[in-house]
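Heads up: the structure comes next, in structure tokens.
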Amino acid sequence: MAETVFYMRGPFPFGPERSVPDGFIRDVKVLTGIEPNLLASFSADLQKYPGFLDEQVLSEVCSKYFKDKDTAEAMGRLIPFIYRRMKVTNESATDFLDVLKEWLSEKENEGKNLLSTADVSKLETRLPIVIQRFPGLERRSKAETLSQATGLPLKNIDLICDIRPIFDQDRERIEGFIPLTTLRLTCTGADGLPVAFETTLSNSDVTRLATAAEFAVKKLRRLRELASAQHIAIPHIEFTEEGKKHEQSSS
């Protein structure tokens, strides 16, 4: 019997998840050990960053302000987590504190010793400093959205080369072979399920495909050079990574 599948368009009809992972609790506690003045300088630096605030840039800024490696790494995780949650829930610093207090009040979390009432008191002055919509993160989020606005994400490329036998009239003797190539592209559909497309390529089609790919690489390189010359940033997101490896096979 076929499974029942429901499709929904628009916002998810239920409220945002109030719970938070323990990893977030560990990271947010790091704020309690950072002086508010240093945190304010760090936040101001992020606020005025002119480009796309990707993971590498954020890591560099964190390392600049926080010499302790664990603290810098925790801050590098915390800022994007808070931003992503804010985009979904539109929570304020007060809302975040309520979530932390709610987490702390749950019996299953009492024995974890990850956060205390004293920590929450310290966070009352520190959380508002980092709960902001930093422009660099906004630009990065917009770039990611635009990269996914059209077309289906490529998941897999298969080029399967084989031969098709030509039999005699009695179908007893093979008189020849036709070499052929099957191109199979697998994409991720809007529903998250794979969508596949296949086509048979002639020898000349394979050559045309290789040539077209070479031209595309040259054009992309030229566009990158132009962007660099004009001092126009190209965001470091998954879609723009050079040499990004997809699952692929050629057999």
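Annotations for the structure displayed:
- Residues located in segment 139-163, provided they are over 23 Å from T186 (Cβ atoms) and in contact with a strand residue (DSSP E or B) (Cβ under 9 Å, 6 or more places away or on another chain): I163
- Of residues in segment 142-195 being of a type in the set (S, T, Y) and at pLDDT 90 or above, the one nearest to the chain's Cα centre (by Cα): T186
- Yes/no for A196 being closer than 30 Å to I79 by Cα and touching a residue at least 12 places away in the same chain (Cβ under 8 Å): no
- Pair list, Cβ < 6 Å and 6+ apart or interchain, from segment 206-233 residues that are within 23 Å of L159 (Cα to Cα) to residues that are surrounded by 10 or more Cβ atoms within 10 Å (Cβ to Cβ): V206/T181
- K87 meets the conditions (1) free of Cβ contacts under 8 Å to residues at least 24 places away in the same chain; (2) out of contact with any Phe, Trp or Tyr (no Cβ under 9 Å at 6 or more places or on another chain) in every case but one. The failed one is (1).
- Of residues in segment 46-101 being of a type in the set (S, T, N, Q) and part of a helix (DSSP H, G or I), the one farthest from T240 (Cα to Cα): T94
The values are calculated or read from the model by the stated rules, or taken from the named source; none is laboratory data. This is a predicted model, so every value here is computed, not measured. Heads up, the Cβs are rebuilt from the backbone with ideal geometry, glycines too, and the neighbour counts pull from every protein chain shown.
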